[in-house]
């Protein structure tokens, strides 16, 4: 599916899309949060780009760990530790492998999600990025077990993540600053769920 160079290219593509959507993501966050999610994410992926372009990465794991460290150091608020942990965990899941398969990507997504849930103490239904990531993982698992192609499996994951984002509109936020709004948070997508969806969609578009 991908070697270190391909993973690097995918991450750079993700960074480009985050940059293009930073104001959109920030507007979503302004409605229920601090109003800086998109700007912070763009800053983090900008730092990741600098790190990836400055040195050679031998394995996909090296790429993911470098991205994770950049996100932790440069992204403010809750998103930095959460996304940073996700990427670091994803890298650990494929440590030592020069090429990763679709099954490896499932392991990476699962490890990343586990890291987010542990770090943020979040579960499905709390209006967070978990509401996009967990359905995506379940859809990916189902597609792989059904023998779907890489394209079909990734598309299924993205579709499930998109439905997860829509689901966040219908529920009350119980985590972070958005939780202060109570029922007024209903009707708004969670910006973290949306950025997770954007990242997964961009990854899928590269294959």
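I want to confirm something. Restricting to the range 73-97 and keeping residues that are more than 17 Å from residue 117 (Cβ to Cβ) and at pLDDT below 95, which single residue is surrounded by the most Cβ atoms within 10 Å (Cβ to Cβ)?
Of the range 73-97, the ones more than 17 Å from residue 117 (Cβ to Cβ) are 73-77, 91, 94-97.
In the following step, the residues that additionally are at pLDDT below 95 were identified as 73-77, 96.
Details: 73: 13, 74: 20, 75: 25, 76: 14, 77: 17, 96: 6.
By that ranking, first place goes to 75.
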Filtering the range 66-83 down to residues that are within 17 Å of residue 108 (Cα to Cα) and without any contact (Cβ under 8 Å) to a residue 24 or more places away in the chain yields 66, 68, 69
When you scan the range 130-156, how many residues do you find that are surrounded by fewer than 19 Cβ atoms within 10 Å (Cβ to Cβ) and without any contact (Cβ under 8 Å) to a residue 24 or more places away in the chain?
8
Does at least one position in the range 29-36 carry a residue that is under 21 Å from residue 13 (Cβ atoms) and in contact (Cβ under 8 Å) with a residue 40 or more places away in the chain?
no
When only residues in the range 45-65 that are buried (at least 22 other Cβ atoms within 10 Å of the Cβ) and free of Cβ contacts under 8 Å to residues at least 40 places away in the same chain count, which is farthest from residue 189 (Cα to Cα)?
61
Taking residue 103 as the residue in question, decide whether it is in contact with a strand residue (DSSP E or B) (Cβ under 9 Å, 6 or more places away or on another chain), surrounded by fewer than 18 Cβ atoms within 10 Å (Cβ to Cβ) and either in a helix (DSSP H, G or I) or modelled with pLDDT under 95 (or both).
no
Quick test of your reading of the structure: residue 110 fulfils all but one of (1) in a helix (DSSP H, G or I); (2) surrounded by fewer than 21 Cβ atoms within 10 Å (Cβ to Cβ); (3) touching a residue at least 12 places away in the same chain (Cβ under 8 Å); (4) over 12 Å from the mean Cα position of the chain (by Cα). Name the failing condition by number.
(4)
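Can you spot a residue in the range 78-91 that is outside any helix (DSSP H, G or I) and under 21 Å from residue 2 (Cα atoms)?
The answer is no, given that none of the residues of the range 78-91 is outside any helix (DSSP H, G or I) and under 21 Å from residue 2 (Cα atoms).
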Restricting attention to the range 162-181, does a residue exist that is more than 23 Å from residue 34 (Cβ to Cβ), under 14 Å from the mean Cα position of the chain (by Cα) and surrounded by fewer than 22 Cβ atoms within 10 Å (Cβ to Cβ)?
yes
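Which of the residues belonging to the range 6-38 are over 29 Å from residue 53 (Cα atoms), in contact with a helix residue (DSSP H, G or I) (Cβ under 8 Å, 6 or more places away or on another chain) and assigned to a helix (DSSP H, G or I)? Working first, answer last.
Of the residues in the range 6-38, the ones over 29 Å from residue 53 (Cα atoms) are 27-35.
After this cut, where a residue has to be in contact with a helix residue (DSSP H, G or I) (Cβ under 8 Å, 6 or more places away or on another chain) as well, the list is 27-29, 32-35.
Selection gives 27, 28, 29, 32.
The values are calculated or read from the model by the stated rules, or taken from the named source; none is laboratory data. Quick caveat: nothing in here was measured; it's all calculated off a predicted structure. Every residue, glycine among them, receives a Cβ derived from its backbone with ideal geometry; neighbour counts consider all protein chains shown.
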